[in-house]
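> What follows is a structure written as structure tokens; I'll ask about it next.
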Amino acid sequence: MAEINKLGNVVARCPGCDGGKSTFEYSAEGRQLGSTAVVTRKPYSQYEDCDVQFRLFRCAGCGRGGLGAIRMMKTHSTYPADIWQLLWFYPEAKARLPLPKETPKGIVMEFREAEICKENECFRASAAMFRSVIDKVLRQNGYKIRQLKNLKEQIDAAAADGVITEARKRKAHEDVRVLGNDVLHDEWREVKEEDVDLAHHYTQRVLEDFYDDRESVLKLIREAGRKPIEDVSSEDEQDET
Ligand SMILES: [Zn+2]
């Protein structure tokens, strides 16, 4: 949740700084970036006029711009001395879930894009992207083979090999695969934020299963006769395509 400090700067999670907390400053090189003020009621107060400033800000980390609405004290509106409260701020990232260090870059990027979709309330897109993360993880770990014809069988095989637990298998099916399939294959329907929250959470857990202790997982899947991406030579890859 964005907060405004006594200096008049906004502290918020910045989408340009990978969701890290950053300070958005209202001035740069000694000059204010700009603002416009209005006296209004709706939607900020039902009963009395209030002075609202709409202000430009800039992330001190990455330079990305932001816009804030700030309610000012009525009598005099000197900024920042007379700030009453921050009404809203845009853009603001939500917390990004941590991923294991060994997670391949392409999978991390897919996961982060799913999070960005969710932050922007594109819940159907987000659900499809989380399903895609699971799909890619299984591909990279040697489960995308002719004998396992769909994602359902691939998840079951990963559980049978002991890479993911039975409980996790159930969640991966119910909360990620089925939801993603609904988006990709069924008639349009609204997907709720809480549904995507579950997909988000369990996709992260599956990534932890595969990449937290990579050496142990590699041993398991090699013993099960799988061919993870680590064992695929560039000639093999050419054969596949
Ligand atoms: Zn930033």
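> Pull up all non-local amide H partners of Ile164: gap of 5 or more, or a different chain, and H-to-H distance under 5 Å with H placed in the peptide plane.
Here Ala159 satisfy the definition.
> Going from the alpha-carbon gyration tensor of the chain, what semi-axes, largest first and in whole Å, does one get by taking the root of 5 times each eigenvalue? All intermediate terms of the calculation are to be shown ahead of the outcome.
On the way: eigenvalues 447, 78, 37 Å².
Working through the eigenvalues yields semi-axes of 47, 20, 14 Å.
> What spacing in nm lies between the two simple spin-label points modelled at Ser45 and Leu33, each 7 Å away from Cα in the Cβ direction?
Taking the simple label geometry, Ser45 and Leu33 are separated by 2.7 nm.
> Accessible area per residue of the range 3-90 at 1.4 Å probe, in Å²? Provide the component values of the computation, followed by the final result.
Working: 5360 Å² over 88 residues.
The answer is 61 Å² per residue.
> Something else now. For q values of 0.25 Å⁻¹, compute log₁₀ I(q)/I(0) with the Debye formula on a Cα-only model of the range 75-135, without solvent.
-1.06
> Let me know the whole percent of all Cα-Cα pairs from the range 3-90 that are separated by more than 15 Å.
On the way: 2136 of 3828 pairs.
Tail of the P(r) past 15 Å holds 56 percent of the pairs.
> Do me a favour and compute the ellipsoid semi-axes for the range 107-232 from its Cα gyration tensor, root of five times each eigenvalue, largest one first, whole Å. Display every interim value, and only then the final one.
Values: eigenvalues 130, 42, 30 Å².
Computed over the range 107-232, the values are 25, 15, 12 Å.
> Further question: Do the alpha carbons of any pairs in Lys6/Lys192; Lys21/Lys144; Lys101/Lys227 sit beyond 30 Å of each other, and which pairs? Write down the numbers at each step before the final one.
Details: Lys6/Lys192 37 Å; Lys21/Lys144 38 Å; Lys101/Lys227 21 Å.
Pairs exceeding 30 Å: Lys6/Lys192; Lys21/Lys144.
> Determine the share of the chain's accessible area contributed by carbon and sulfur atoms, expressed in whole percent, with a 1.4 angstrom probe. Numbers along the way, then the final one.
Details: 6770 of 13900 Å².
For the chain, the apolar C and S fraction of the accessible surface comes to 49 percent.
> Going through the DSSP H helices of the chain, which span 24 Å or more along their own axis at the Cα atoms while scoring at least -0.5 as a mean Kyte-Doolittle hydropathy? Don't skip to the end; give the middle numbers.
Working: long enough: 123-140 (26 Å, 0.20); 193-211 (27 Å, -0.95).
Flagged H segments are 123-140.
> Quick one: work out Rg over Rh on the C-alpha atoms of the range 93-174, Rh as Kirkwood radius. Let's see the in-between values first.
Details: Rg = 13.4 Å, Rh = 13.6 Å.
When Rh is taken as the Kirkwood radius, the ratio is 0.99.
> For a test of the definition: using alpha carbon positions, the gyration tensor, and the 1.5 limit on a/c, classify the range 16-142 as rounded, prolate or oblate. Before the final figure, lay out each step's value.
Details: a/c = 4.28, a/b = 2.26, b/c = 1.89.
Since a/c reaches 1.5 and a/b is larger than b/c, the shape of the range 16-142 is classed as prolate.
The values are calculated or read from the model by the stated rules, or taken from the named source; none is laboratory data. Since we're looking at a predicted model, the values are computed, not measured. So basically every Cβ, Gly included, is an ideal-geometry build from the backbone, and we count neighbours across all protein chains shown. Note: accessible area is taken over every heavy atom of the protein model, side chains too, but ligands, DNA and RNA are not part of it. Shrake-Rupley method; radii C 1.70, N 1.55, O 1.52, S 1.80 Å.
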